[in-house]
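Enquirer: Next up is a structure, given as structure tokens.
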Amino acid sequence: MVEPVETPPVASEPDRDDLLVVENLQVHFPIKRGLVFDRTVGHVKAVDGVSLRVRRGSTYGLVGESGCGKSTFGRAVLRLEEPTGGTVMLDGESVTGLKGEALRQARRRMQMVFQDPLASLDPRQSVQSLMIEPLRVHQPAPNDQLVARAAEMLELVGMPRAALAKYPHEFSGGQRQRIGIARAMILNPELVIADEPVSALDVSVQAQVINLLEKLQREFGLTYIVIAHDLAVVRHISDVVGVMYLGQMVEEAGSDDLYAQPLHPYTIALMSAIPIPDPEVEDRRERILLRGDLPSPANPPSGCRFHTRCPYRQPTRCDTDEPHLREIEGHPGRRVSCHWAEQIASGEVQPMDSLVVEAVAAD
Amino acid sequence: MREPLLEIDNLSVTFRRRRSVTRAVDGVSYSVAPGEIVGVVGESGSGKSVTVLALMGLLPDRGVEVTGQVRYNGRDLLSLGDSEMAKLRGREIAMVFQDPISSLNPVVPIGVQVSEVLLAHTKTTRKAAMAESVDLLRRCGIPDPDRRLKEYPHQLSGGMRQRALIAMALACKPKLLICDEPTTALDVTIQAQVLELLKELVTDSGTAMIMITHDLGVVAGLCDQVNVMYSGRIVEAAPRGELFAHPRHRYTHGLLASIPRLDLPRGDPLHPIPGTPRDTVAWAKACAFAPRCMHATDDCVRPDLPLQPLPDSPPDHPVRCVHPAEA
């Protein structure tokens, strides 16, 4: 049976509560040119200085649109992508400097659930072979013990034992994702990073997988980082939500606070753009449209990276000074990267009229 | 109530392979009037896209059987010949597909692709068509259209490509616009821009629109009338206010209870629908949703349940369910 994760002693120092501490993580991909000699002509700054802390047993949600670097961040934490700067500490130990056997040991403690299980499960391996592969690498034992363990794990995610003999293509999307989750959990990891775990699934199946993730977290005291573009899903399962834009974190808040009062202009626009399945709410809502598209992460705008699309853009500071994540007075537990966050919160700074779509129902 | 522009009447589509027979669409009827947006919601395999592909004449001839009637402006689309249909398509009825990268020709500049539509359907010169394309792209919110015209699809972002596709669809001022998941591949902030653009179009030019989507949120904000499809049939249809306030079919009800909502307090667990959309039985034997339905009884095995208003629902809210949810 899978053993529950140790809980830290009650009177430990506060840092023990953080399972994962990421400081100033950077992943820069070089852009190469030239036929004979590769010259590096620039860098795509996919992740550019992201810091966060994840408390043991909690869920950290990371949202942002495609190209914001959220997936690269998740991969870099697991060292599936080599970070070019910054540190990742798992349970007080640095993961960034690890090599060889030590890295292999650390990988057992951190697992990943991928978006598309059909792409991440080898089509030519049976479910049994897929499930016991991680055990063979990390916890070798006689075959029948491994198979028993795999069957047990499958049962936990709501799949019959008979699934062991089948191949990934024989399952529906939701079932495949259950297998992907079972495979990630079989090594009894402490940290699980789920990258878009439900976005490839049918609407009616998404809730099954979300509930399953929550159930497993309760049973094994797992710590999650859930990466997704669907803010409604992320908010539902997360305790803390971080919003990313162009490789940087623009806002971090408790997930209830974030919806109640988003403070960063990007979060405000993102929230207002998400359709809500209720016509009455939809008609009463004011929408703030963003101009244009995401700028290239190889050549991010000066100053605040969001200023080219920001509906609250001010004539000063925005295009010259780079804002940093800072705590906002009166909003405990929240970090915002905007020069004008206080003024936006108080209503002193308003969005440009041309970008606001009025509510349909005027009353 | 305006006269409908398009009436789909008892449309069925059957795919025949060597041994298997699949009824993808099974007696679907709905209509669209000018200036109206009709939503069709359903999951993968519900037949929502096949319905419109059939009426556009875009399904292959071999192995496909289409029955029923589709009346457009008094003409039966299904009995039209290929060349007559080709005249209508693009000029009067236009379609926007989900994935702009596979709908656009990768080796032809955007401008040529947009003006091609004009050249094919109207008497115009290449030069005039190009000039009009610039105007179209600008109206669809593409900045700097003169430069963009010369670019190839891969040089445009996803949102831009979808706008270019919408510009092509609008080139001949169609009377009916069919959108098949037009924003599914886009980010939410771009989705908001595109939906706003489509909404403007319908209000400004009185275009009739069919909006196919799996996203109940998109439907709630955009559509006047909503049809919910499951396994090839419409299981519930109503004006959007009525549908979201009083979902009666167990599938619609279950779907709404299974999605997390951004505007409601957190903490309540989601109530998923068990099983997958593949776990269905044939409508001819029972209610196709019965295997996944928590309220199913032996009565649900009764075949050919009609889509009809319930005693306690308004006449414009027909439901196909033996054990509907409380109003």
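Enquirer: Restrict the check to the range A:331-351 and report whether at least one residue is within 14 Å of chain B (Cβ to nearest Cβ) and either crowded, with 16+ Cβ neighbours inside 10 Å or assigned to a loop (DSSP other than H, G, I, E, B) (or both).
Expert: Kept after step one, since they are within 14 Å of chain B (Cβ to nearest Cβ), are these residues of the range A:331-351: A:351.
If we keep only those that are either crowded, with 16+ Cβ neighbours inside 10 Å or assigned to a loop (DSSP other than H, G, I, E, B) (or both) as well, we get A:351.
Among the residues of the range A:331-351, at least one is within 14 Å of chain B (Cβ to nearest Cβ) and either crowded, with 16+ Cβ neighbours inside 10 Å or assigned to a loop (DSSP other than H, G, I, E, B) (or both), which makes the answer yes.
Enquirer: Another one. Taking B:Pro291 and the conditions (1) part of a loop (DSSP other than H, G, I, E, B); (2) farther than 23 Å from B:Asn10 by Cβ, which numbered condition does it fall short on, given that it satisfies the others?
Expert: (1) is the only condition that B:Pro291 fails.
Enquirer: Within the range A:213-221, can one find any residue that is in a helix (DSSP H, G or I) and within 27 Å of A:Thr267 (Cα to Cα)? Steps first, answer last, please.
Expert: Of all residues in the range A:213-221, those in a helix (DSSP H, G or I) come to A:213-220.
Next, only the ones that are within 27 Å of A:Thr267 (Cα to Cα) stay: A:213-214.
Yes.
Enquirer: Name the residues in the range A:23-39 that are exposed (fewer than 12 other Cβ atoms within 10 Å of the Cβ) and part of a strand (DSSP E or B), would you? Full working, then the answer.
Expert: As a first pass, look at the range A:23-39 and keep what is exposed (fewer than 12 other Cβ atoms within 10 Å of the Cβ): A:32-39.
Scanning the range A:23-39 gives A:Lys32, A:Arg33, A:Arg39.
Enquirer: For the structure I just gave you, tell me whether A:Gly61 is modelled with pLDDT of 90 or more, surrounded by 18 or more Cβ atoms within 10 Å (Cβ to Cβ), in the same structural domain as A:His229 (by TED's automatic domain parsing) and within 18 Å of the chain's Cα centre (by Cα).
Expert: Details: modelled with pLDDT of 90 or more: yes; surrounded by 18 or more Cβ atoms within 10 Å (Cβ to Cβ): yes; in the same structural domain as A:His229 (by TED's automatic domain parsing): yes; within 18 Å of the chain's Cα centre (by Cα): yes.
Here the answer is yes, as A:Gly61 does meet what is asked.
Enquirer: Go over the candidates A:Glu286, A:Glu282, A:Glu214 one by one and state the one that is buried (at least 20 other Cβ atoms within 10 Å of the Cβ) and of a type in the set (D, E, K, R).
Expert: The unique qualifying residue is A:Glu282.
Enquirer: Still on this structure, please answer the following. Would you mind finding the one in A:Ala163, A:Ala194 that is in a helix (DSSP H, G or I), within 22 Å of B:Thr276 (Cβ to Cβ) and either out of contact with any Ser or Thr (no Cβ under 9 Å at 6 or more places or on another chain) or within 11 Å of chain B (Cβ to nearest Cβ) (or both)? Break it down into steps so the answer makes sense when it comes.
Expert: On the way: A:Ala194 fails: in a helix (DSSP H, G or I).
Selected residue: A:Ala163, the only one of A:Ala163, A:Ala194 that is in a helix (DSSP H, G or I), within 22 Å of B:Thr276 (Cβ to Cβ) and either out of contact with any Ser or Thr (no Cβ under 9 Å at 6 or more places or on another chain) or within 11 Å of chain B (Cβ to nearest Cβ) (or both).
Enquirer: Hey, another quick one. For residues in the range A:259-282 being in contact (Cβ under 8 Å) with a residue 40 or more places away in the chain and more than 8 Å from every other protein chain (Cβ to nearest Cβ), which is farthest from A:Ser58 (Cα to Cα)?
Expert: So the residue we want is A:Pro265.
Enquirer: Does the range B:145-191 hold any residues that are within 14 Å of chain A (Cβ to nearest Cβ) and basic (Lys, Arg), and which are they?
Expert: Answer for the range B:145-191, where residues must be within 14 Å of chain A (Cβ to nearest Cβ) and basic (Lys, Arg): B:Arg148, B:Arg161, B:Arg163.
Enquirer: Could I ask something else about it? Looking at the range A:271-318, which of the residues that are charged (D, E, K, R) and within 24 Å of the chain's Cα centre (by Cα) is farthest from B:Thr213 (Cα to Cα)?
Expert: Going residue by residue through the range A:271-318, those that are charged (D, E, K, R) are A:278, A:280, A:282-287, A:291, A:293, A:305, A:309, A:313, A:317.
Right, trim to within 24 Å of the chain's Cα centre (by Cα) and you get A:293, A:305, A:309.
On the way: A:Asp293: 23, A:Arg305: 33, A:Arg309: 28 Å.
Top of the filtered list is A:Arg305.
Enquirer: Same structure, new question: Only one of these is buried (at least 18 other Cβ atoms within 10 Å of the Cβ) and assigned to a helix (DSSP H, G or I): B:Ala94, B:Ala54. Name it. It would help to see each step written out before you state the result.
Expert: Values: B:Ala94 fails: assigned to a helix (DSSP H, G or I).
Result of the check over B:Ala94, B:Ala54: B:Ala54.
Enquirer: Where in the range B:197-263 are there strands (runs of 3 or more DSSP E), lying wholly inside it, with at least 3 residues that are within 12 Å of chain A (Cβ to nearest Cβ)?
Expert: It comes to B:225-230.
Enquirer: Follow-up question, since we're still on this one. Of all the helices (runs of 4 or more DSSP H) wholly in the range B:107-192, which have at least 1 residues that are touching a residue at least 24 places away in the same chain (Cβ under 8 Å) and buried (at least 23 other Cβ atoms within 10 Å of the Cβ)? Steps first, answer last, please.
Expert: Values: elements: B:110-121, B:126-139, B:145-148, B:158-170.
Fully inside the range B:107-192 and qualifying: B:110-121, B:126-139, B:158-170.
Enquirer: What's the total number of residues in the range A:64-77 that are closer than 17 Å to A:Glu23 by Cβ and surrounded by fewer than 21 Cβ atoms within 10 Å (Cβ to Cβ)? Before the answer, list the steps.
Expert: First, the residues of the range A:64-77 that are closer than 17 Å to A:Glu23 by Cβ: A:69, A:72-74, A:76-77.
Going one step further and asking which of them are surrounded by fewer than 21 Cβ atoms within 10 Å (Cβ to Cβ), we end up with none.
Within the range A:64-77, residues that are closer than 17 Å to A:Glu23 by Cβ and surrounded by fewer than 21 Cβ atoms within 10 Å (Cβ to Cβ) number 0.
Enquirer: Could you grab me the full set of residues in the range B:311-327 that are in contact with a strand residue (DSSP E or B) (Cβ under 7 Å, 6 or more places away or on another chain) and over 17 Å from B:Arg233 (Cβ atoms)?
Expert: B:Ser313, B:Pro315, B:Asp316, listed by residue number.
Enquirer: From the residues in the range A:244-258 that are within 12 Å of chain B (Cβ to nearest Cβ) and surrounded by 21 or more Cβ atoms within 10 Å (Cβ to Cβ), which one is modelled with the highest pLDDT? Walk me through it before giving the result.
Expert: Kept after step one, since they are within 12 Å of chain B (Cβ to nearest Cβ), are these residues of the range A:244-258: A:245, A:254-258.
Subsequent filtering for residues that are surrounded by 21 or more Cβ atoms within 10 Å (Cβ to Cβ) retains A:245, A:258.
Values: A:Tyr245: 94, A:Leu258: 89.
Restricting to residues being within 12 Å of chain B (Cβ to nearest Cβ) and surrounded by 21 or more Cβ atoms within 10 Å (Cβ to Cβ), the top hit is A:Tyr245.
Enquirer: Another question, then. Among the residues in the range A:186-197, are any out of contact with any strand residue (DSSP E or B) (no Cβ under 9 Å at 6 or more places or on another chain) and under 26 Å from A:Leu80 (Cα atoms)? I'd like the intermediate steps shown before the answer.
Expert: Of the residues in the range A:186-197, the ones out of contact with any strand residue (DSSP E or B) (no Cβ under 9 Å at 6 or more places or on another chain) are A:188.
Filter once more, so that each one left must be under 26 Å from A:Leu80 (Cα atoms): A:188.
Yes, there is a match, as at least one residue in the range A:186-197 is out of contact with any strand residue (DSSP E or B) (no Cβ under 9 Å at 6 or more places or on another chain) and under 26 Å from A:Leu80 (Cα atoms).
Enquirer: Tell me, yes or no, whether the range A:169-184 has at least one residue that is at pLDDT below 95, surrounded by 21 or more Cβ atoms within 10 Å (Cβ to Cβ) and in a loop (DSSP other than H, G, I, E, B).
Expert: Yes - at least one qualifying residue is present in the range A:169-184.
Enquirer: Hey, does the range B:76-89 have a residue that's surrounded by fewer than 21 Cβ atoms within 10 Å (Cβ to Cβ) and at positive phi?
Expert: no
Enquirer: Against the condition touching an Asp or Glu at 6+ places or on another chain (Cβ under 7 Å), assigned by TED's automatic domain parsing to the domain that holds A:Asn299 and surrounded by 22 or more Cβ atoms within 10 Å (Cβ to Cβ), how does A:Thr223 come out, does it pass? Let's see the steps before the verdict.
Expert: Details: touching an Asp or Glu at 6+ places or on another chain (Cβ under 7 Å): yes; assigned by TED's automatic domain parsing to the domain that holds A:Asn299: no; surrounded by 22 or more Cβ atoms within 10 Å (Cβ to Cβ): yes.
It is false that A:Thr223 is touching an Asp or Glu at 6+ places or on another chain (Cβ under 7 Å), assigned by TED's automatic domain parsing to the domain that holds A:Asn299 and surrounded by 22 or more Cβ atoms within 10 Å (Cβ to Cβ).
Enquirer: Any idea which of (1) crowded, with 20+ Cβ neighbours inside 10 Å; (2) among the hydrophobic types (A, V, I, L, M, F, W, C); (3) within 29 Å of A:Asn24 (Cα to Cα) is the one A:Ala273 doesn't satisfy?
Expert: Status for A:Ala273: all satisfied but (3).
Enquirer: Being part of a helix (DSSP H, G or I) and of a type in the set (Val, Ile, Thr) is the filter here; which residues of the range A:129-160 pass it? Quick ask: steps written out before the conclusion?
Expert: Filtering the range A:129-160 down to residues part of a helix (DSSP H, G or I) leaves A:129-138, A:143-156.
Passing the criteria: A:Ile132, A:Val137, A:Val147.
Enquirer: Further question on the same structure: Out of A:Thr96, A:Thr87, I need the residue that is surrounded by fewer than 22 Cβ atoms within 10 Å (Cβ to Cβ), in a loop (DSSP other than H, G, I, E, B) and hydroxyl-bearing (Ser, Thr, Tyr). Which one?
Expert: So the residue among A:Thr96, A:Thr87 that is surrounded by fewer than 22 Cβ atoms within 10 Å (Cβ to Cβ), in a loop (DSSP other than H, G, I, E, B) and hydroxyl-bearing (Ser, Thr, Tyr) is A:Thr96.
Enquirer: Just a yes or no: is a residue in the range B:218-227 over 30 Å from B:Leu136 (Cα atoms), out of contact with any Cys (no Cβ under 9 Å at 6 or more places or on another chain) and touching a residue at least 40 places away in the same chain (Cβ under 8 Å)? It would help to see each step written out before you state the result.
Expert: Kept after step one, since they are over 30 Å from B:Leu136 (Cα atoms), are these residues of the range B:218-227: B:227.
Now restrict to residues that are out of contact with any Cys (no Cβ under 9 Å at 6 or more places or on another chain): B:227.
Now narrow it down to the ones that are touching a residue at least 40 places away in the same chain (Cβ under 8 Å): B:227.
For the range B:218-227, residues over 30 Å from B:Leu136 (Cα atoms), out of contact with any Cys (no Cβ under 9 Å at 6 or more places or on another chain) and touching a residue at least 40 places away in the same chain (Cβ under 8 Å): present.
The values are calculated or read from the model by the stated rules, or taken from the named source; none is laboratory data. None of these values were measured; they are calculated from a predicted model. Here the Cβ is made from the backbone with ideal geometry for all residues, glycine too, and neighbour counts use every protein chain on show.
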